[in-house]
Amino acid sequence: MQNKIYSMKQFITHYMYDHLQDLGNNHMNKIALLAIDQGTTSSRAILFAPNGKILAKHQQELKLYYPQKGWVEHSPDDIWINTLEACRAVVKDAQQDNLQIAGIGITNQRETSILWDRATGEPIYNAIVWQDRRTADLCATLKAQGHEADITNKTGLLLDPYFSASKIAWILDNVADARTRAEKGELAFGTIDTYLLWKLTNGAVHCTDATNAARTMLFNITEQCWDQDLLKLFNIPAALLPTVKDNVADFGQSTPTLLGQSYPIGGMAGDQHAALIGQACFKPGMVKSTYGTGCFALENIGTEFKTSQHRLLTTLAYRLNGRSTYALEGSIFTAGAAIQWLRDNLGLFKHAAESEALALSVDDNNGVYFVPAFTGLGAPYWQPEARAMISGLTRESNAAHITRAALEAQAYQTVDLMAAFKGDSKHEASIIRADGGLINNKFVGQFLADMLNRPVEIPTVTETTAWGAACLAGLQLGVFDGLDTLGKQWHCATRYTPAMNERQRRTLYQGWELAVKRVL
Ligand code: ADP
């Protein structure tokens with residue numbers, strides 16, 4: 001019976017796949033997938049053709065509020081209105097170009113938390129953003145009480161204010177009546193995916209996906225359920241929580257009045273997980289590294305959960321058909337932000353792209369190292385109190401050396417991460433698939449390959465995060481028939497191959513190690 005049901009599902013999926021591919025061929029790729037990419041600095045909507053080509057794109061800037069030192073908030077209304085406006089703009093483009101939107105996929109900044117009234121949909125407090133540190137004391141207390149090991153074994157995470165649990169606890173403890181109302185089931189909690197889904201379905205669906213749930217610190221990623229002990233530890237009523245689904249699932253339909261007609265929502269994933277999917281890292285040992293304001297690297301480690309011995313996080317890569325694939329995650333707090341700092345605070349150049357020619361105008365760093373620990377050092381150091389330092393300056397040092405040192409730092413930091421990955425994973429990462437604004441810089445691409453002593457590949461689809469969300473929706477809606485198809489669709493646009501000798505690599509890296517030691 002089970003076989004028959006499965007065959008029927010396969011038949012329908014294949015039928016739809018062929019049908020949609022035909023439609024695509026006969027009508028010049030008229031099918032499109034709408035990806036919502038809700039980030040910390042902007043909300044974007046992108047229409048993709050099934051081959052990954054961008055057909056339309058709109059972006060709305062998003063405000064951050066800093067009510068106190070260490071506090072970071074968004075207005076939930078801003079998030080929703082921004083997202084809706086970006087979606088409406090691409091839907092309008094789709095109509096003009098006669099494109100048929102098959103459905104919607106959502107990807108989002110992770111951990112950022114909102115609580116709202118189930119009856120009115122009104123948030124009871126602003127969204128507390130992942131960067132917010134107001135719950136540092138609570139986390140330190142729980143750590144001192146010895147709870148971190150248990151939390152890591154269940155969630156793969158380290159006890160840090162970064163994740164949702166302590167943010168939810170703060171809202172419950174600081175907003176009048178919040179706890180009583182939460183216990184009565186009057187309130188709902190959501191990360192941004194969940195909040196957008198609720199708004200898109202006009203309050204009909206209160207769901208999240210397994211990758212976003214994995215970042216709350218309340219979700220047990222080995223048992224795939226909300227963890228009763230963790231809920232008790234953070235004193236959070238279960239009545240607040242959304243239902244957790246696979247990344248590819250029926251997440252409901254958008255309300256027709258919002259976008260002119262109703263669209264199925266077929267995929268959701270946190271941003272870094274979506275980028276891993278967009279980069280088609282479906283095999284153990286495959287690594288994607290995104291160089292934006294900060295840098296996030298994820299390595300697919302397969303279907304076996306494993307905690308890190310090198311202060312990396314373990315997370316869900318994705319969950320499909322109820323089956324979990326895990327990833328190790330390392331983050332570098334400052335990547336492109338260091339280039340912004342050179343541009344805005346030191347005025348070394350006007351546009352970030354000019355840093356490339358400047359770095360290449362000198363033969364080497366001339367002993368200058370730049371450890372960009374403006375907001376502490378991330379994995380594998382986890383030193384939030386560390387601060388940035390430029391070292392090795394002489395009378396000969398100039399703007400080009402400092403710029404070069406800032407760009408080189410991206411590669412040294414990645415080498416540190418890869419060493420931690422190697423220590424934890426039995427798979428050797430053979431190739432790095434990179435993306436993000438900073439990777440437009442050819443000096444960075446080549447220096448990365450040189451220092452890692454591995455090829456670095458840049459894909460043809462550069463919007464990997466949004467493309468990952470589109471892929472998930474496409475899998476649900478029969479536009480793609482499986483991960484293999486997506487894997488074959490991934491194409492390399494630029495490949496940097498290592499061209500540095502071992503001695504030089506070692507000497508450069510020793511200089512970095514010394515510079516980090518000084519910072520620590
Ligand atoms: P985010 O998604 O975090 O906003 P992006 O992926 O858009 O970031 O990348 C923007 C970052 O990349 C900025 O910090 C910018 O300084 C840096 N950047 C963009 N282009 C270049 C370049 N050609 N050379 C160096 N840095 C760059």
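What follows draws every value from the coordinates through simple rules; no lab data is involved. Predicted model, so just to flag it, every value in this text is computed and none were measured. Cβ coordinates were reconstructed from backbone atoms using ideal geometry, including for glycine residues, and neighbour counts include every protein chain displayed.
Here are some notes:
- Residue by residue, region 111-125 carries 3J(HN,Hα) couplings of 6, 4, 10, 10, 10, 9, 7, 5, 6, 9, x, 6, x, 8, 7 Hz when phi is fed to the Karplus relation 6.51 cos²θ - 1.76 cosθ + 1.60 (θ = phi - 60°); x denotes Gly or Pro.
- DSSP-defined antiparallel bridges as percent of all bridges, the chain, nearest 5: 70
- All-pairs alpha carbon distance profile, region 245-286, 10 Å steps from 0, percent: 26, 36, 27, 9, 2
- Two-site label geometry, residue 183 and residue 149: point separation in nm, points 7 Å out along Cα→Cβ: 3.3
- Equivalent ellipsoid dimensions for region 376-520 as semi-axes, Å, which come from the Cα gyration tensor, largest first: 34, 17, 16
- Applied to region 504-515, the Karplus parametrisation 6.51 cos²θ - 1.76 cosθ + 1.60 on θ = phi - 60° returns per-residue 3J(HN,Hα) values of 5, 4, 5, 4, 4, 5, 4, x, 5, 4, 5, 4 Hz, with x for Gly and Pro.
- Percent of beta bridges antiparallel (DSSP, region 317-426, rounded to nearest 5): 90
- In terms of other Cβ atoms within 10 Å, 430, 75 run from fewest to most in the order 430, 75.
- Selection of trypsin sites (Lys or Arg not before Pro), region 420-520, meeting DSSP coil and at most 11 other Cβ within 10 Å: 426
- Taking every DSSP helix (H) stretch of at least 4 residues in the chain, weighting each as -39,500 (n - 2.57) and dividing the sum by the residue count yields a mean residue ellipticity at 222 nm of -12000 deg cm²/dmol.
- Computed over region 158-239, the ratio Rg/Rh where both radii use C-alpha atoms and Rh is Kirkwood: 0.95
- Put in line by how crowded their Cβ is, counting other Cβ atoms within 10 Å and starting with the fewest, 479, 205 read 205, 479.
- Against the rule of thumb 2.2 N^0.38 Å, how large the Cα Rg of region 89-229 comes out: 1.20
- Cut-off under 5 Å, modelled amide H: who pairs with residue 208 long-range: 243, 244, 245
- Other-chain or far-sequence residues with amide H under 5 Å of residue 106's (modelled H): 36, 267, 268, 269
- Restricting region 415-480 to GluC sites (Glu not before Pro) in coil, as DSSP defines it, with at most 14 other Cβ within 10 Å: 428
- Whole-number Å³ per residue for the convex hull built on Cα positions in region 37-271: 116
- Amide H contacts of residue 32 (H built 1.01 Å from N, under 5 Å, at least 5 apart or other chain): 100, 101, 102
- The count of lysine pairs in region 37-271 that are at least 8 places apart or cross chains, and whose C-alpha atoms lie under 26 Å apart, stands at 24.
- Working from the Cα coordinates of the chain, the gyration tensor eigenvalues give, after taking √(5λ), semi-axes of 36, 29, 22 Å in decreasing order.
- For region 450-464, the Karplus equation 6.51 cos²θ - 1.76 cosθ + 1.60, evaluated at θ = phi - 60°, returns couplings of 5, 6, 7, 6, 8, x, 10, 10, 10, x, 5, 8, 7, 7, 5 Hz by residue, with Gly and Pro reported as x.
- Beta bridges from DSSP with both residues in region 37-271: antiparallel share about 70 percent, rounded to the nearest 5.
- The share of Cα pairs per 10 Å bin across region 218-357, counted from zero up to the longest distance, runs 10, 27, 28, 22, 12, 1 percent.
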